[in-house]
Amino acid sequence: MTQTSAEPSGTPEPDAASGPAGTGRQSTPLRSVGEAFLRWREASIIAVAVVLVVYFQATTGIFLTEDNLVNVSQYVAATAIIAVGQVLLLVSGEIDLSVGHVYTLAPFLMHYAVDFYSIPVIPAIILALLLSGCVGLVNGLITVKLRVPSFVTTLGMLFIISGITLTTSHAYPVPIPEAATGVQPWLGAAGWSEITWAVLIVAFFHVVLTRTRWGLHTVAVGGNLLGAREAGIKVGRVKIDNFMICSTLGGFAGIIEAFRIDSIDPTAGGETIMFAAVAAAVIGGTALAGGSGTIIGALLGAIVLGVLRDGFNLIGIDAYTFDLIIGAAILIAMISNVYLAGLRRAGRT
């Protein structure tokens with residue numbers, strides 16, 4: 001058998017056919033794949049999602065049926081779309097607590113435009129999204145120009161938007177405008193349309209965050225504000241624009257969700273959808289301190305939350321226990337992310 005210069009004379013080099021000595025070499029490709037997977041920042045959340053799917057399928061036997069997967073996707077879609085905006089804000093060092101109420105208000109804005117002012121459906125939707133973006137503009141200007149922490153700014157805006165919605169709607173739900181029935185299947189009513197929009201938005205903003213100058217500036221602003229400013233980055237503009245993107249995405253998520261359920265509800269969304277989006281972003285690997293985040297991770301985080309929600313419903317977990325288990329699941333996922341991040345920094349994976 002061939003000798004190698006790195007080994008003492010007479011020591012055979014193990015090959016693929018050799019017994020125990022060759023076992024390490026045979027497992028090397030598998031080990032390399034495993035190490036490459038663990039180096040991927042979304043690895044832990046993918047593992048959590050797979051384990052949950054396997055568990056719920058084994059327990060219920062119907063989790064992977066098409067009807068149930070459509071149910072899961074419809075919950076995941078709205079959460080993921082809003083989570084994309086939250087990731088951009090969190091990476092740049094800010095947060096938006098009001099986006100859940102923009103989600104609620106935007107379908108009413110479309111309804112008012114169509115039913116009260118006879119504006120065609122598509123322009124009405126665009127108008128609703130523009131007004132949603134204006135909410136983000138106000139949040140950004142107050143945060144950046146007046147130096148009010150975004151937590152406080154958006155908390156105040158949360159109550160303002162909630163008050164506007166409840167006052168103008170008289171706290172009553174309304175049906176989708178009849179003029180919108182033609183576009184309704186494309187904007188949420190068809191089984192897979194909502195998740196299709198979510199995936200397209202995730203893919204687009206993943207490229208924006210990881211492959212464009214804008215994404216680089218967003219990361220720089222959240223990671224080192226002073227350094228970014230000294231490097232010539234327009235810090236205020238980056239933050240304001242990200243506030244506008246987050247609010248616009250919240251409005252869009254609210255509109256397609258209203259089309260899906262065929263009703264515009266003043267009690268939909270709110271803090272529930274907002275906290276779910278933040279949880280999805282953080283579970284997916286976005287740092288609350290800023291400077292680091294992943295759009296794909298936010299989608300995976302939303303999937304985990306959707307799988308948990310649907311799976312617990314299928315096995316009959318009551319609402320009180322559901323919150324307890326969701327909280328524990330979030331903590332476990334976060335601990336896994338922190339642990340794997342530590343291993344990556346130490347060079348062990």
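The values are calculated or read from the model by the stated rules, or taken from the named source; none is laboratory data. All values reported here derive from a predicted model rather than from experimental measurement. FYI the Cβ positions are ideal-geometry reconstructions off the backbone, even for glycines, and counts take in every protein chain you see.
Within segment 161-195, how many residues turn out to be free of Cβ contacts under 8 Å to residues at least 60 places away in the same chain and either surrounded by 14 or more Cβ atoms within 10 Å (Cβ to Cβ) or farther than 15 Å from D115 by Cβ (or both)?
Let us first name the residues in segment 161-195 that are free of Cβ contacts under 8 Å to residues at least 60 places away in the same chain, namely 163-164, 167, 170, 178, 181, 185-186, 190.
From what's left, either surrounded by 14 or more Cβ atoms within 10 Å (Cβ to Cβ) or farther than 15 Å from D115 by Cβ (or both): 163-164, 167, 185-186, 190.
Matching residues across segment 161-195 total 6.
When you go through (1) closer than 26 Å to F204 by Cα; (2) part of a helix (DSSP H, G or I); (3) touching a helix residue (DSSP H, G or I) at 6+ places or on another chain (Cβ under 6 Å); (4) in contact (Cβ under 8 Å) with a residue 40 or more places away in the chain one by one for L97, which number turns out not to apply?
The single condition L97 does not satisfy is (2).
Just one of E194, E271 is part of a helix (DSSP H, G or I), under 14 Å from I81 (Cα atoms) and not aliphatic (A, V, I, L, M); which is it?
Details: E271 fails: under 14 Å from I81 (Cα atoms).
Only one candidate qualifies: E194.
State all residues of segment 197-224 that are part of a helix (DSSP H, G or I) and at pLDDT below 90; if no residue qualifies, say none.
If we filter segment 197-224 for residues that are part of a helix (DSSP H, G or I), which is where we start, we get 197-211, 213-223.
Residue satisfying the conditions is G223 alone.
Condition test on A106, is it outside any loop (DSSP other than H, G, I, E, B), surrounded by 20 or more Cβ atoms within 10 Å (Cβ to Cβ), free of Cβ contacts under 8 Å to residues at least 24 places away in the same chain and among the hydrophobic types (A, V, I, L, M, F, W, C)? Talk me through it step by step, then tell me what you get.
On the way: outside any loop (DSSP other than H, G, I, E, B): yes; surrounded by 20 or more Cβ atoms within 10 Å (Cβ to Cβ): yes; free of Cβ contacts under 8 Å to residues at least 24 places away in the same chain: no; among the hydrophobic types (A, V, I, L, M, F, W, C): yes.
So A106 fails the test.
Looking at segment 223-279, which of the residues that are among the acidic types (D, E) and under 18 Å from V135 (Cβ atoms) is surrounded by the most Cβ atoms within 10 Å (Cβ to Cβ)? Spell out how you get there, then give the answer.
The first filter runs over segment 223-279 and keeps only residues among the acidic types (D, E), leaving 230, 241, 257, 262, 265, 271.
Subsequent filtering for residues that are under 18 Å from V135 (Cβ atoms) retains 241, 257, 271.
Values: D241: 20, E257: 27, E271: 13.
Out of the qualifying residues, it is E257.
Any idea which of (1) within 14 Å of the chain's Cα centre (by Cα); (2) closer than 22 Å to L155 by Cβ is the one G284 doesn't satisfy?
If we test G284 against (1) within 14 Å of the chain's Cα centre (by Cα); (2) closer than 22 Å to L155 by Cβ, just (2) comes out false.
Of all the residues that make up segment 304-349, how many are modelled with pLDDT of 75 or more, of a type in the set (A, V, I, L, M, F, W, C) and in contact with a helix residue (DSSP H, G or I) (Cβ under 9 Å, 6 or more places away or on another chain)?
8
Condition check: within 16 Å of E271 (Cα to Cα) and of a type outside the set (S, T, N, Q). Does I161 satisfy that?
On the way: within 16 Å of E271 (Cα to Cα): yes; of a type outside the set (S, T, N, Q): yes.
Taking the combined requirement at face value, the residue satisfies it.
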